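One structure is given here, and the rest of the page talks about it.
The values are calculated or read from the model by the stated rules, or taken from the named source; none is laboratory data. Keep in mind the model is a prediction, meaning the values are calculated, not measured. Note: ideal-geometry Cβ built from the backbone for every residue, glycine included; neighbour counts use all protein chains shown. The accessibility values were calculated without ligands, DNA or RNA, using every heavy atom of the protein model including side chains. Shrake-Rupley method; radii C 1.70, N 1.55, O 1.52, S 1.80 Å.
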Amino acid sequence: MLRNIYQARALNFMQMLSFVVLLAGLSAADTLPASSDNRLPKWHPRSFRKANDSRSAAESAKVAASVFDVADVENPQAVAEKHTFVSATNVLPSSGFVKTPLPQCHLHVFRHISKAAGTTMRFIFDKQVVMGDWEFLPLCHYGFNQQAWEDVKLRFTTAASGRSGGEAGPRILVEIRNDWSASSFLQKIVPDLEILRQETEAFGCSITTSFLMRDPIPQYVSFYRYYIEKLQKAPDVSSGSRGPAAFGEDIIEWAAHIPDIQVREVLGDKCTSQIRDAPFKVQQEGGRVTRAGAKLIGSQCQVSENDYEQFASALRKIDVVGTTDQFDAFWLKLSDVVGFQHLEYVASNQAKESSSSQWKKPNLAADIMQAINRTAIYDTEGYALASQLQATQIEEGGADFQTRLDAYLGKKEARGSKKYRGGVPPPSKYKWVAKDKLNGGNLPANGFPSQEEYVQPAFYT
């Protein structure tokens, strides 16, 4: 019954994703789980067709290494319809820092908070996908809604219950952002995960969660510079959608009216959708747009002591909690708990955030830090709790974890403008390409699309 329901509903889900994955050069030695006809496991939602790579191994490796160098130009909402990914190489051995083997059946949910290494995590998760180990649902993380979540649950339980013998899968990654999932994370998604654990444990499946929090001062600075600063610098308009009259003259004036960004995002019911809105009302006066006073911050938007306790209780139940200033410790611990095999990565948005030394915390003006400390009281408490929970998890790993962490921290390498952590990753087994470059879902007769046709889908921004 469950499988029939899934098959009926999955059609719409797959039409939304509209994804094809092409394979090349598979061999019995590959670590990619495969059935007898050299296709990926039946639990994987994509459709698969074999492809032949006419290029030499050296040419393929050169192309594979350059995939993320292409500019991002696509609309996130259209990504699923415009992109697919093709295979370019065989899977290479996993990172030497890996301790836990790839799980047979697993669902992992990551709660993404604004400007707290979420983009880096998305790139890391994508690497696990293009190595053939995991699927990342939903494909387009923006616009995640209740139906998408129901589809994820049904897909996982159906695939898990359909496993036989030692068959692998499903392995699903889900990123929770600030759309429908913001208001539903604690009230809907977390309780659902407990039910899923009970339903799938008998099939040898496991479910884990993770969460990253950031020091409020650099988090507010990053949020301001990424979302708000450009709106402050734009001319005033009567709608109040941009301009200093609506958004404040500087970070101090803006931050004073935007309390506790991170805790509010996790709670989801504290006017989360309004965090990026203008904090001031405007009016048309004498042909000019002027400020008409601050928008009142209603009690429904403010974090109370009881609200914070709800946040803290939720945090203590998450399997792996970390802070961005201890990101590598978080990532290594997460790989131990979940079983990720490819630990090498490049930190995202580093160039943007390091472009001006005046915004670095050690150089930040005292009045800016004071303003953020006054407005982020519960964020500061939450950050202290996240730091404490992470320290406990590291301590539980014992001397072995600390030894591996020290070695991982020391494994850095620069390749041009990219600075790799944990070493340089192996070439990906699959590569994203624009679907209109393929011929009816197949590779061109002359082999792989050209290097210029590899793209980076826009949902990684």
Stretch gain in nm, segment Ala294-Gln187, where the contour uses 0.36 nm per residue and the Cα spacing is subtracted: 35.4 nm
Segments 124-134, 306-316 sorted - mean Cβ within 10 Å per residue, highest first: 124-134, 306-316
Local net charge near Pro425, Cβ-Cβ under 12 Å (Lys/Arg +1, Asp/Glu -1): +3
Label-point separation in nm, Tyr226 to Asp277, each point 7 Å along Cα→Cβ: 2.2 nm
Whole-angstrom gap from region 270-287 to region 109-139, using each part's C-alpha centre: 33 Å
Largest-first ordering by accessible area, 1.4 Å probe, given options Lys412, Lys115: Lys412, Lys115
Long-range HN-HN contacts of Thr209 with modeled amide H, under 5 Å: Val109, Asp319, Val320
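On a 21 Å Cα-Cα criterion, which of the cross-link pairs Lys270/Lys361; Lys127/Lys411; Lys115/Lys188; Lys99/Lys153; Lys127/Lys418 come out too long? Intermediate values should be presented prior to the final figure.
On the way: Lys270/Lys361 28 Å; Lys127/Lys411 18 Å; Lys115/Lys188 24 Å; Lys99/Lys153 28 Å; Lys127/Lys418 16 Å.
Beyond 21 Å between Cα atoms: Lys270/Lys361; Lys115/Lys188; Lys99/Lys153.
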Nonlocal amide H pairs with Phe136, under 5 Å, H built at 1.01 Å: Leu173
³J(HN,Hα) computed for each position of region 231-243 - Karplus, 6.51 cos²θ - 1.76 cosθ + 1.60, integer Hz, glycine/proline x: 6, 5, 7, 7, x, 5, 10, 5, 6, x, 7, 6, x
Region 147-225: GluC sites (Glu not before Pro) in DSSP coil with no more than 16 other Cβ atoms inside 10 Å: Glu167
Residues in region 323-337 that a label on Ala407 would reach, taking backbone N under 19 Å of a point 7 Å out along Cα→Cβ: 328-337
Under-5 Å amide H pairs with Ile176, H placed in peptide plane, nonlocal only: Phe110, Arg111, His112
Chain lengthening between Ile195 and Arg415 when straightened (0.36 nm per residue, less Cα-Cα): 74.7 nm
Rounded to whole Å, sorted largest first: equivalent-ellipsoid semi-axes of region 286-378, Cα gyration tensor: 35, 24, 14
Residue-wise HN-Hα coupling along region 257-267, computed from phi with Karplus coefficients 6.51, -1.76, 1.60 (Hz; x: Gly, Pro): 10, 10, x, 6, 4, 6, 5, 5, 5, 5, 4
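If each residue of separation counts as 0.36 nm, what is the full-extension length gain between Ser304 and Glu253 once their alpha-carbon separation is subtracted? Spell out each step's value before the answer.
Numbers: separation 51, 0.36 × 51 = 18.36 nm, distance 2.27 nm.
Stretched out fully, the Ser304 to Glu253 stretch lengthens by 16.1 nm.
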